[in-house]
């Protein structure tokens, strides 16, 4: 298998990833369970490494910071003699600086969102006559109901990797077959063309052996097919499986571009 080097802009940085985890896990930002958040953060980091994604140094620095805070939280607390007026009873919370960074980042992210909304709203006003856009109508692709984002797909990929780790190495059989992105593209589309347009294929059913080669190449092939507009990924509810549907109505075999 050729080396895969991919840059997938899912999160804007480590603070963005942490905020996403805090929101997903419904955690109080002022009282972060550092052990749980560190474990979840490292799961995402390992998932990115499995995909050979380019990890910026700031992600590694944040991982080290979380580990340091976790270590400090495990240290026994020092009991102070309250009779000594020169002693302070309040210890510095190791999470304090991280919480301050997250609150500041969240504030600026919210402000950026407000400015983006205002930009969109302002874009509805024109200072000249409207341009005839009839020639571009065919290029407009409307969003479909329940269509998922790249983040949702990455989370599903991360779950598949966790499942592989839980299964552990398969000592009962030896799998020597290697998969390429081209092979997986053809395999996925072959399955899709055997179904009606309204019928779908679950994301989990694309994996058979749960080897690293199969998991990564299947995920990259899926991204290629979504990007090319051949298939669309949908999810009715957050806890339900992701289902893939064929978009084009051409029954000819798909050719790798």
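If each of residue 100 and residue 29 carries a label point 7 Å out from its Cα toward its Cβ, how far apart are those two points in nm?
Rounded to a tenth, the inter-label distance reads 1.6 nm.
So for the stretch 145-246, Kirkwood radius off the Cα pairs, Stokes-Einstein at 20 °C and 1.002 mPa s: how many µm² s⁻¹? The partial results should precede the final answer.
Details: Rh = 14.3 Å.
In µm²/s, the coefficient is 150.
Stretch residue 210-residue 227 to full length: gain in nm at 0.36 nm per residue minus the Cα-Cα span?
Details: separation 17, 0.36 × 17 = 6.12 nm, distance 2.40 nm.
Gain on stretching residue 210 to residue 227: 3.7 nm.
So, R0 is 22 Å and r is the distance between the beta-carbons of residue 120 and residue 247; what FRET efficiency does that work out to, to 0.05?
Working: r = 27 Å, r/R0 = 1.22.
After rounding, the FRET efficiency stands at 0.25.
Report the FRET efficiency, 1/(1 + (r/R0)^6), for residue 65 and residue 112, where r is their Cβ-Cβ distance and R0 is 25 Å, rounded to 0.05. Don't skip to the answer; put the middle values down first.
Working: r = 24 Å, r/R0 = 0.95.
Efficiency computed from Cβ-Cβ geometry: 0.60.
Calculated FRET efficiency, residue 16 and residue 163, Cβ-Cβ r, R0 41 Å, to nearest 0.05? Before the final figure, lay out each step's value.
Working: r = 26 Å, r/R0 = 0.63.
Efficiency at R0 = 41 Å is approximately 0.95.
Could you grab the relative contact order for the stretch 145-246? Cα pairs under 8 Å, six or more apart, rounded to a whole percent.
Details: 89 pairs, mean separation 37.7, N = 102.
Here the relative contact order equals 37 percent.
Laboratory data are not the source of any read-out in this text; all were calculated from the coordinates shown. Model, not experiment: these values are computed from the prediction. With ideal geometry, Cβ positions are generated from the backbone for all residues, glycine too; neighbour counts draw on all protein chains shown.
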